[in-house]
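This report concerns only the one structure given below.
Please treat every number below as a calculation from the coordinates, not as lab data. Predicted model only: the values in this text are computed from it and were never measured. Please note: Cβ atoms are built from the backbone with ideal geometry, for glycine as well, and neighbour counts cover all protein chains shown.
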Amino acid sequence: MDNLEHEDLLIKLRAKLNEEKIKLWESPYVLESGEISPSLKELADKYSKTLKIDSDTVLEGLYELQKHSIERLKANEEFEETGCATLRVKATITGERPRLIKILKPLSLKGEDLISSVAELLDVDQKRIKLIYNGKLINCNTSLEEQGLKNGAQLMALVMAESPEQVKKEDNMYKEMKSTLDDVTLLTEYIDDVADDEEYMKLEDQSGKAVELPRSERKSLLIGLALHERGRAAAKNKDYALALVLLLEADRQLNECRSSILSSVDNCAVLQLDIAWCYLCLQNLSSTNDAALRLARAEKSFIATYGEDHQRLIALKGTNANERVLFMRLYLLQGVVAFHQNKREEARRLLEKAEAELNYLKVDEAAVATLMELGWSEGQARTGLRASGGDLDRAHQLLEDKRGERERARERHKVDREQRALGSCADGSVVNAGLVRALQGMGFTRRLAVMALRHTNNDVTEAVRVIQDHPELLADDSDLSDIEDMETQSSNDSLLEPDNRLVAELEAMGYPTENARMALRLSGNQVNKAVDLLVAGCCGLCDGANPSTSAGVSKKKVKKEAKEKRKKEREMALRRLKNAIRADEDDYLSGSLAEEEQFLVQYKSLL
């Protein structure tokens, strides 16, 4: 009898015992000698006929339940006498059958000491142990009592990989995670430097509308999303122990965000499904209650997001085909939980709903292969076929349309960012991007063009006059870091090549070569205007153009270099973070669903 069949037997026996109010720990079912009593054998024969299960198998199950009951009584007595709680720990070790161990410890003990004791009993390195109770990782530095543990509590021990290959994979995963967390920290620390550029902080609801995020919560959100994706990657590789650790930490981080922020997106609901899925794959039956709570939370979120009958989703996207994957997994997991709670009719109903959804979501694998030959990924091919009802040509067109929509959305976002960066004129109107490009075409830098148009309220003729005749009027415009950041190398160079004789003349006055060349470019090789620009310290020149202010030059130069360094660090962090968070936003909807089908068949056979 495998683990699931054995669990099914115990569920049925508990139900019968509760129904008949039989107490196995009392006479006549218990003998002082510890042997199996005749009354227990009679009970086994009785239940064997009712359940149509072999009598010896039923007797073994009853005896197991009896031992557990007697052990609980003894544990309660010992706790009252000594204050030491009996903790049951189910250890999940890759490649081995789960092991159940008992530990007696005072609840004042710190989490670290309990982890150490479990590691010693399992004869593994303490660093390989992750303890989970009630859906949370045990904190090393907090007492067990503070973490909600009570006498008789059941915990889950995940024993992380041991083989050199697995250890290396695990180490790499954690190194990547540390890098991801460091990148998130860097981006959030410099948030004030990029207040208008939220490209890396963008969260959208199901309609594609951006969800506003308070800055104080962005770090937790980004860490949570990155951890979720890393957890998904581990689950895809069947490393469910590592996946569960990462997913639970992701859940902790996301819980630090206001619930109202995430109520319009499905990230948290999907995370709850993923955690429950790991419980199932790890056969962690002691987490049934936590799984039930998480699934209820996910269902509530899906209904709020998509509507009772997915009507809101259909209105937004025209189809609910791919998102039905989420509901199929929800029904499957809810059915499994109901089964372990001995709610057999409810389990049967939910598993039938899951089966109906699964049959709807199946696609022709030959059609998947054809779309892959056309350049689509396997996941994209499946989502396209599901959305088109299996029509190959229509699936290809839907995928093309979707890609086009995303590209247009990115372009709109880029234009919006550029417009925000250009800022406003003195009269409150927005700087005209077309006029900025026109001034750049005349040979002026982007930064200088924006400064002039802001000053002249988009009057391009007046802007040219101010640049050429009164550059000092533009020297005090301090709100230009965003323009400076957007400026490309080509826009820094004027179309006019500076006259080398005039460069030498300015050098003789004490001005640095590069500053002299820039001033001549901007002034059209008019040396008097070039000197005005150098003295004013504007137009992107180093503020040290005046030799008499060399001390100030040095400070400002250092400050500018530091700012450039921070900008490069942010760009690298953003690039790494984008790689950490899924490239295909519908990745979680595009699986083959083979594993789900296996679990469905397995549990339906028990009903």
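Taking a ≥ b ≥ c as the square roots of the Cα gyration tensor eigenvalues, with a/c under 1.5 meaning rounded and otherwise prolate when a/b beats b/c, else oblate, which class fits the range 63-114?
Values: a/c = 5.17, a/b = 1.17, b/c = 4.43.
Taking the square roots of the gyration eigenvalues as a ≥ b ≥ c, the range 63-114 is oblate.
Run the quick spin-label model on Lys21 and Gln341: label points 7 Å from Cα toward the beta carbon, then report their separation in nm to one decimal.
2.5 nm
Provide the gained length on full extension for the span Tyr360 to Glu96, in nm with one decimal, where the gain is 0.36 nm per separating residue minus the Cα-Cα distance. Spell out each step's value before the answer.
Values: separation 264, 0.36 × 264 = 95.04 nm, distance 3.63 nm.
Here the answer is 91.4 nm.
Students often get this wrong, so check it: of Lys74/Lys150; Lys105/Lys136; Lys21/Lys46; Lys16/Lys46; Lys102/Lys150, which have C-alpha atoms separated by over 18 Å?
Working: Lys74/Lys150 15 Å; Lys105/Lys136 20 Å; Lys21/Lys46 15 Å; Lys16/Lys46 11 Å; Lys102/Lys150 14 Å.
From the list (Lys74/Lys150; Lys105/Lys136; Lys21/Lys46; Lys16/Lys46; Lys102/Lys150), the Cα-Cα distance tops 18 Å for Lys105/Lys136.
For the range 333-422, report the % of Cα-Cα distances exceeding 16 Å.
Details: 2664 of 4005 pairs.
That tail contains 67 percent of the Cα-Cα pairs.
For the range 1-107, taking Cα atoms only, what is the radius of gyration to one decimal and the Dmax to the nearest whole Å?
15.8, 45
Multiply the residue separation of Val415 and Ser116 by 0.36 nm, subtract the distance between their alpha-carbon atoms, and state the gained length in nm to one decimal.
102.0 nm
Once R0 is set to 35 Å, what does the formula 1/(1 + (r/R0)^6) return for the Cβ-Cβ distance between Leu73 and Lys300, expressed as a FRET efficiency to the nearest 0.05?
On the way: r = 39 Å, r/R0 = 1.11.
Result of the calculation: an efficiency of 0.35.
Report the gain in length on full extension from Arg566 to Leu31: 0.36 nm times residue separation, minus Cα-Cα distance, nm rounded to one decimal.
On the way: separation 535, 0.36 × 535 = 192.60 nm, distance 7.58 nm.
Result: 185.0 nm gained on full extension.
Based on the Cβ-Cβ distance of Ser39 and Thr142, what FRET efficiency does E = 1/(1 + (r/R0)^6) give at R0 = 56 Å, to the nearest 0.05?
Working: r = 46 Å, r/R0 = 0.82.
Result of the calculation: an efficiency of 0.75.
For a test of the definition: using alpha carbon positions, the gyration tensor, and the 1.5 limit on a/c, classify the range 63-152 as rounded, prolate or oblate.
On the way: a/c = 1.98, a/b = 1.16, b/c = 1.71.
Note, shape of the range 63-152 comes out oblate.
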